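Student: Before I ask anything, here is the structure I am working with.
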Amino acid sequence: MQIVSGGVSDVGRLRANNEDCFRIVAPLQLFVLSDGMGGEAHGEVASALAVETVTKHCLEGQENHAAPLFGEPPADLSDHTRRLASAVHLANKKIFDSAEGHPEQRGMGATLTAAWINGAKLSIAHVGDSRAYLVRSGTLQQLTSDHSLVAEQVRRGIITAVEAEESQMQSVLIRALGAQADVEVDAEDHTLFVRDILILCSDGLTRMVTEPEIAGTLQAETNPTRAAEKLVALANEYGGADNVTVIVVRLEPGSRGWFSWLRRGARKNASGNGSAGGN
């Protein structure tokens with residue numbers, strides 16, 4: 001498979017600053033997105049620290065497979081997923097310690113959703129209400145569960161999904177990086193297939209744009225960066241009530257190597273459009 005990706009972050013229409021942060025590490029096929037919380041309490045510091053910590057920890061793990069793991073991730077997960085979960089635990093500690101050491105940062109925190117692709121295997125690690133989705137055969141599937149008060153109420157049958165969308169408590173999280181010294185991290189392995197589309201996004205998208213619109217945009221626009229730009233534009237068109245960040249990853253059919261190249265060259269010769277060594 002060939003992996004192509006792109007990402008966009010925007011302040012939105014109502015916020016003065018952007019507390020979202022994301023990173024695409026193409027050589028590792030690592031994708032990290034964080035939504036900072038705290039406003040004047042430096043939410044942008046928390047999200048940047050989360051993204052930087054996860055990226056650095058995964059890079060170090062690739063260079064040294066014996067590098068220590070944090071948080072005791074389950075042994076039944078793949079090595080990449082265990083490393084990714086460890087990175088999120090470490091990010092939580094970094095944010096918590098920074099807030100403890102700097103009174104002006106007290107109350108800051110962040111969500112974190114990260115995806116790491118290794119061949120046909122997808123690792124997901126997640127805390128908060130930023131989401132990861134997978135589009136397969138036209139169907140949009142949410143891979144992460146929101147760690148929010150209203151989402152938990154829906155899961156327990158206290159309120160309906162429609163009531164959750166209208167609730168004034170949507171921004172209340174029950175789990176986030178930096179809130180406590182330790183945090184529970186959701187981590188999972190998935191299998192990917194050619195033509196799958198992966199999307200990571202902050203809640204600035206999902207609160208403004210419906211899932212059918214998200215799926216439709218991803219299917220209509222095949223360029224990942226332009227797809228991310230169109231989704232951000234939709235969120236802003238509908239009000240842009242929050243910062244909005246989108247990462248789009250497409251898994252496309254890859255080259256079949258020299259044999260495929262040779263067959264293309266033979267077809268060019270047959271049609272008189274150059275030689276096997278041409279363009």
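Student: Of all residues in segment 13-70, which are of a type outside the set (A, V, I, L, M, F, W, C), under 12 Å from Ala91 (Cα atoms) and in contact with a Ser or Thr (Cβ under 6 Å, 6 or more places away or on another chain)? Reasoning before the result, please.
Tutor: To start, the set of residues in segment 13-70 that are of a type outside the set (A, V, I, L, M, F, W, C) comprises 13, 15, 17-20, 23, 27, 29, 34-36, 38-40, 42-44, 47, 52-53, 55-57, 60-65, 68.
Applying the additional criterion that residues be under 12 Å from Ala91 (Cα atoms) yields 34, 47, 52-53, 55-57.
Once the filter is applied, which keeps residues that are of a type outside the set (A, V, I, L, M, F, W, C), under 12 Å from Ala91 (Cα atoms) and in contact with a Ser or Thr (Cβ under 6 Å, 6 or more places away or on another chain), segment 13-70 yields Ser34, Ser47.
Student: Could you please tell me which pairs satisfy a Cβ distance under 6 Å, a separation of 6+ or placement on different chains, a first residue in segment 190-214 that is more than 20 Å from Leu122 (Cβ to Cβ), and a second residue that is open to solvent by 10 Å² or more (accessible area, probe 1.4 Å) and of a type in the set (Val, Ile, Thr)?
Tutor: Once the first residue is more than 20 Å from Leu122 (Cβ to Cβ) and sits in segment 190-214, no partner that is open to solvent by 10 Å² or more (accessible area, probe 1.4 Å) and of a type in the set (Val, Ile, Thr) comes close enough.
Student: In addition: Sort out which residues of segment 102-141 are open to solvent by 50 Å² or more (accessible area, probe 1.4 Å) and on the phi < 0 side of the Ramachandran plot, and write them in order of number.
Tutor: Scanning segment 102-141 gives His102, Pro103, Glu104, Arg106, Asn118, Lys121, Arg136, Thr139, Gln141.
Student: Please specify each residue of segment 52-76 satisfying the condition of being open to solvent by less than 30 Å² (accessible area, probe 1.4 Å) and either within 22 Å of His190 (Cα to Cα) or touching a His at 6+ places or on another chain (Cβ under 9 Å) (or both).
Tutor: Val54, Thr55, His57, Cys58, Gly61, Ala67, Pro73
Student: Another question, then. For segment 1-56, name all the residues that are outside any strand (DSSP E or B) and of a type in the set (S, T, N, Q). Quick ask: steps written out before the conclusion?
Tutor: First, pick out the residues of segment 1-56 that are outside any strand (DSSP E or B): 1, 11-19, 26-29, 38-56.
Within segment 1-56, Asn17, Asn18, Gln29, Ser47, Thr53, Thr55 meet the criteria.
Student: Okay, next question. Could you go through segment 30-43 and let me know if any residue there is open to solvent by 70 Å² or more (accessible area, probe 1.4 Å), in contact with a strand residue (DSSP E or B) (Cβ under 7 Å, 6 or more places away or on another chain) and more than 21 Å from His147 (Cβ to Cβ).
Tutor: Of segment 30-43, the ones open to solvent by 70 Å² or more (accessible area, probe 1.4 Å) are 40.
Among the residues that remain, those that are also in contact with a strand residue (DSSP E or B) (Cβ under 7 Å, 6 or more places away or on another chain) are: none.
Within segment 30-43, none of the residues are open to solvent by 70 Å² or more (accessible area, probe 1.4 Å), in contact with a strand residue (DSSP E or B) (Cβ under 7 Å, 6 or more places away or on another chain) and more than 21 Å from His147 (Cβ to Cβ).
Student: Is it the case that segment 91-102 has a residue that's aliphatic (A, V, I, L, M), closer than 14 Å to Asp182 by Cα, modelled with pLDDT of 95 or more and assigned to a helix (DSSP H, G or I)?
Tutor: yes
Student: Let me ask something else. Only one of Glu188, Glu184, Glu166, Glu221 is closer than 18 Å to Ser137 by Cβ and open to solvent by 10 Å² or more (accessible area, probe 1.4 Å); which?
Tutor: Working: Glu188 fails: closer than 18 Å to Ser137 by Cβ; Glu184 fails: closer than 18 Å to Ser137 by Cβ; Glu166 fails: closer than 18 Å to Ser137 by Cβ.
The conditions single out Glu221.
Student: Related question: Looking at Thr144, Thr160, Thr113, Thr81, which is the one that is without any contact (Cβ under 8 Å) to a residue 40 or more places away in the chain and under 29 Å from Leu218 (Cα atoms)? Walk me through it before giving the result.
Tutor: Values: Thr144 fails: without any contact (Cβ under 8 Å) to a residue 40 or more places away in the chain; Thr113 fails: without any contact (Cβ under 8 Å) to a residue 40 or more places away in the chain; Thr81 fails: without any contact (Cβ under 8 Å) to a residue 40 or more places away in the chain.
Residue meeting the stated conditions: Thr160.
Student: Hey, does segment 212-228 have a residue that's of a type in the set (Lys, Arg), under 26 Å from Arg13 (Cβ atoms), out of contact with any Leu (no Cβ under 6 Å at 6 or more places or on another chain) and part of a helix (DSSP H, G or I)?
Tutor: First, the residues of segment 212-228 that are of a type in the set (Lys, Arg): 226.
Now restrict to residues that are under 26 Å from Arg13 (Cβ atoms): 226.
Add one more test, that the residue is out of contact with any Leu (no Cβ under 6 Å at 6 or more places or on another chain), and what stays is 226.
Subset that is part of a helix (DSSP H, G or I): 226.
Within segment 212-228 (the criterion being of a type in the set (Lys, Arg), under 26 Å from Arg13 (Cβ atoms), out of contact with any Leu (no Cβ under 6 Å at 6 or more places or on another chain) and part of a helix (DSSP H, G or I)), the answer is yes, since at least one residue qualifies.
The values are calculated or read from the model by the stated rules, or taken from the named source; none is laboratory data. On a predicted model such as this, the values are computed, not experimentally measured, just so you know. Note that each Cβ is placed from the backbone with ideal geometry, even for glycine, and that neighbours are counted across all protein chains shown. Note: accessible area is taken over every heavy atom of the protein model, side chains too, but ligands, DNA and RNA are not part of it. Shrake-Rupley method; radii C 1.70, N 1.55, O 1.52, S 1.80 Å.
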